[in-house]
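Q: I'd like to ask you about the structure that follows.
The values are calculated or read from the model by the stated rules, or taken from the named source; none is laboratory data. Given the structure is predicted, the values throughout are model-derived calculations rather than measurements. Glycine gets a Cβ as well: all are built from the backbone with ideal geometry, and neighbour counts include every protein chain shown. For the accessible areas, the whole protein counts, side chains as well, though only heavy atoms, and no ligand, DNA or RNA atoms are used. Shrake-Rupley method; radii C 1.70, N 1.55, O 1.52, S 1.80 Å.
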Amino acid sequence: MIDLTISLTLDTGDQWTVKPSIGTYVKFERHFKKPITSLGSEIALEHLVWLGWEQSRHEGRAVSVFDKFIDQVSDLEMVNDDSPLAESPSPTM
C-alpha cells in the first residue's frame, strides 16, 4: 500500500501530521472515481489536501468543510521521502 504521511499547516498556525488509513484511501477512490494507485502518475494538490482533510476528520479533529479547509491550508508537505508519490523522474540520456 502507499506509505504516505501528510503534514498540514493552517493559516492559524495549527500544524499536525496524518497517515491516511485504508478506509481513507477507499473513500478517496469512491469520491474521485479513480484508484489510489493512480496518484503515482497523476498527483493533484487537491487529492493530497483531501486525503489530509479526510484522515483528520476520521481521527476526530475538528476541521471545516472541505472548500473552507482548502482556504485555511497554508502549507502541505509529504513527510516521508520514500513515498511513491514523491519519486523523482528517471534521468534521461
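Q: Under a 1.4 Å probe, what is the accessible area of segment 1-51 per residue, stated in Å²?
A: Roughly 55 Å² per residue, with all protein chains present.
Q: Oh, and also: Run through segment 1-66 and list the GluC sites (Glu not before Pro) located in a DSSP loop whose Cβ has at most 14 other Cβ atoms within 10 Å.
A: Loop-located and lightly packed - GLU42, GLU59.
Q: List the lysines whose alpha-carbon lies under 23 Å from that of LYS68, not counting same-chain residues fewer than 8 positions away?
A: LYS19, LYS27, LYS33
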